[in-house]
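Data first, discussion second: the structure below is written as structure tokens.
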Amino acid sequence: MAKSRSSFVCQNCGAASSRWAGKCDSCGEWNTLVVENTGSGIAAGPAARGGRRGSAVALIPLSGEIAEAPRIACGIAEFDRVLGGGFVTGSAILVGGDPGIGKSTLLMQAAAALAKAGHGVVYVSGEEAVAQVRLRARRLGAADAPVDLAAETNVENILATLEAGRPPALVIADSVQTLWTEQADSAPGTVTQVRASAQAMIRYAKKTGSAVVLVGHVTKDGQIAGPRVVEHMVDAVLYFEGDGGHHFRILRTVKNRFGPTDEIGVFEMSDAGLREVANPSELFLGGHEGRQAAAPGAAVFAAMEGTRPLLVEIQALVAPTSLGTPRRAAVGADSARLAMILAVLEARCGVRLGQHDVYLNVAGGYRISEPAADLAVAAALVSSLTGKPLPGDAVLFGEISLSGALRPVAHANLRQKEAEKLGFRRAWRPAATAEAGKTALAVQGFGELADMVAALAGGQT
């Protein structure tokens with residue numbers, strides 16, 4: 001009789017080892033190696049599988065007709081925007097987010113909207129009982145939606161239930177870490193079980209044409225828990241982000257085989273569930289839009305998230321320090337980028353900030369990652385230092401180089417149109433920005449950062 005072999009599998013990256021160690025050699029995480037049977041799952045070798053001879057497949061030319069992927073719109077515009085127009089039939093989607101951020105609420109609202117539109121929807125909960133799911137649906141006003149519920153974690157039972165009737169348009173499994181399959185000899189939640197269970201659900205989606213949504217837990221580092229190979233297996237990966245101190249939530253796509261990978265959907269959390277925010281700029285500006293007077297240190301930045309322009313208020317505070325080493329704090333922005341802007345201001349523009357504490361904040365809890373915010377950040381810093389406010393009806397965007405020159409950024413026309421729509425009258429931007437269309441804004445272009453500093457310090461605004 002063959003001896004049963006075991007292997008130690010890392011629960012963070014899925015790497016297999018023949019012996020236990022305190023630290024995984026592949027990912028460097030500590031205490032993540034768990035013993036698992038190598039007869040199946042990730043640690044199984046080629047000898048554990050049958051040696052079936054492969055069959056030839058048909059080869060087709062690269063050129064030919066292209067059919068658009070059929071989609072099912074759920075009726076929630078922000079959700080459909082992130083997906084690229086709706087759920088693609090036969091696709092698998094992985095949704096991750098912090099506990100309590102609203103993943104189940106969002107998916108319940110999407111399921112209810114699809115069911116009311118006449119599509120079959122099955123909601124499988126592995127963490128909550130049916131009564132708990134019904135309570136959430138009642139709170140969201142979706143209790144009358146014809147959604148089929150089930151509280152089950154065994155993948156074989158779930159697939160047998162789905163195959164017993166007509167394939168639904170949407171299947172939601174909440175969450176993938178609670179699923180387990182008899183094909184893997186390990187505990188639920190381990191790398192082997194998560195991968196095998198996800199693979200079985202994805203296989204069902206490709207075979208029947210149903211869209212499958214898998215909910216994933218998020219680790220303390222903000223990454224979806226489980227092996228990263230699951231993210232490669234699915235067609236789309238969405239992150240539901242938010243802060244407990246703010247009432248808005250952002251649905252962000254990081255992978256999408258059938259649509260753009262830089263779109264966001266903005267929602268507002270309320271007692272009745274998630275509400276769509278059609279104009280996120282008003283949410284992040286906080287009443288700043290188009291006013292003539294502003295406080296020193298406040299600048300409005302015209303940001304881009306995918307194809308959507310957003311206006312965000314950037315706040316800076318520069319105060320004399322009593323410490324030997326001045327403090328540099330950034331909330332919602334990259335601290336390394338802030339340090340670079342401070343160095344350019346001091347070296348190229350003569351702005352002395354070595355004896356001042358610098359605090360930078362992006363209003364509304366929004367996080368900025370694009371370098372187009374450099375000009376707005378620098379203007380807010382100089383405004384706070386000099387005590388002279390920026391024009392309240394001006395938006396700023398532009399990238400700063402280490403030489404002090406201002407570099408143009410993409411989508412200048414969309415940024416200016418969004419500002420014009422919200423009542424702004426002026427735009428500060430790099431002088432080299434290509435004209436992408438007519439605008440009613442009074443455009444003021446700067447070739448060097450020193451030119452903007454001189455205009456602000458001299459009151460020529």
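Here is a yes/no grid of residues against (1) buried (at least 19 other Cβ atoms within 10 Å of the Cβ); (2) closer than 30 Å to G84 by Cα; (3) touching a residue at least 24 places away in the same chain (Cβ under 8 Å); (4) not basic (K, R):
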{"residue": "G265", "(1), (2), (3), (4)": "yes, yes, yes, yes"}
{"residue": "S281", "(1), (2), (3), (4)": "yes, yes, yes, yes"}
{"residue": "A299", "(1), (2), (3), (4)": "yes, no, yes, yes"}
{"residue": "E313", "(1), (2), (3), (4)": "yes, yes, yes, yes"}
{"residue": "T325", "(1), (2), (3), (4)": "no, no, no, yes"}
{"residue": "V331", "(1), (2), (3), (4)": "no, no, yes, yes"}
{"residue": "M340", "(1), (2), (3), (4)": "no, no, yes, yes"}
{"residue": "V362", "(1), (2), (3), (4)": "yes, yes, yes, yes"}
{"residue": "A376", "(1), (2), (3), (4)": "yes, no, yes, yes"}
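Quick one: in segment 428-440, which of the residues that are among the hydrophobic types (A, V, I, L, M, F, W, C) and at pLDDT below 90 is nearest to P408 (Cα to Cα)?
At the first step, the residues of segment 428-440 found to be among the hydrophobic types (A, V, I, L, M, F, W, C) are 428, 431-432, 434, 436, 440.
With the extra rule that they be at pLDDT below 90, the set shrinks to 432, 434, 436, 440.
Numbers: A432: 6, A434: 8, A436: 12, A440: 20 Å.
Of everything passing the filter in segment 428-440, A432 is nearest to P408 (Cα to Cα).
Taking L162 as the residue in question, decide whether it is in the same structural domain as L83 (by TED's automatic domain parsing), crowded, with 16+ Cβ neighbours inside 10 Å and either within 28 Å of D185 (Cα to Cα) or of a type in the set (S, T, N, Q) (or both). Give the derivation first.
Details: in the same structural domain as L83 (by TED's automatic domain parsing): yes; crowded, with 16+ Cβ neighbours inside 10 Å: yes; either within 28 Å of D185 (Cα to Cα) or of a type in the set (S, T, N, Q) (or both): yes.
Spelling it out, L162 is indeed in the same structural domain as L83 (by TED's automatic domain parsing), crowded, with 16+ Cβ neighbours inside 10 Å and either within 28 Å of D185 (Cα to Cα) or of a type in the set (S, T, N, Q) (or both).
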Within segment 186-232, residues being under 16 Å from K255 (Cβ atoms), modelled with pLDDT under 95 and not in a strand (DSSP E or B) number 10
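Report yes if A380 is crowded, with 18+ Cβ neighbours inside 10 Å, at pLDDT 95 or above and under 21 Å from I264 (Cα atoms), otherwise no. Working first, answer last.
Details: crowded, with 18+ Cβ neighbours inside 10 Å: yes; at pLDDT 95 or above: yes; under 21 Å from I264 (Cα atoms): no.
No.
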Of (1) of a type in the set (A, V, I, L, M, F, W, C); (2) modelled with pLDDT under 75; (3) surrounded by fewer than 10 Cβ atoms within 10 Å (Cβ to Cβ), A48 satisfies every one except (3)
- request: Answer yes if at least one residue in segment 82-90 is in contact (Cβ under 8 Å) with a residue 60 or more places away in the chain, closer than 30 Å to H246 by Cα and either charged (D, E, K, R) or assigned to a loop (DSSP other than H, G, I, E, B) (or both), and no otherwise.
  value: yes
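Go over the candidates A113, A56 one by one and state the one that is under 33 Å from the mean Cα position of the chain (by Cα) and of a type in the set (A, V, I, L, M).
On the way: A56 fails: under 33 Å from the mean Cα position of the chain (by Cα).
Result: A113 is the single residue among A113, A56 that is under 33 Å from the mean Cα position of the chain (by Cα) and of a type in the set (A, V, I, L, M).
Residues A164, A169, A184: which one is touching a Gly at 6+ places or on another chain (Cβ under 6 Å), farther than 19 Å from L106 by Cβ and of a type outside the set (S, T, Y)?
Working: A164 fails: touching a Gly at 6+ places or on another chain (Cβ under 6 Å); A169 fails: farther than 19 Å from L106 by Cβ.
The unique qualifying residue is A184.
The values are calculated or read from the model by the stated rules, or taken from the named source; none is laboratory data. Owing to the predicted nature of the structure, the values given are computational and were not obtained by experimental measurement. So basically every Cβ, Gly included, is an ideal-geometry build from the backbone, and we count neighbours across all protein chains shown.
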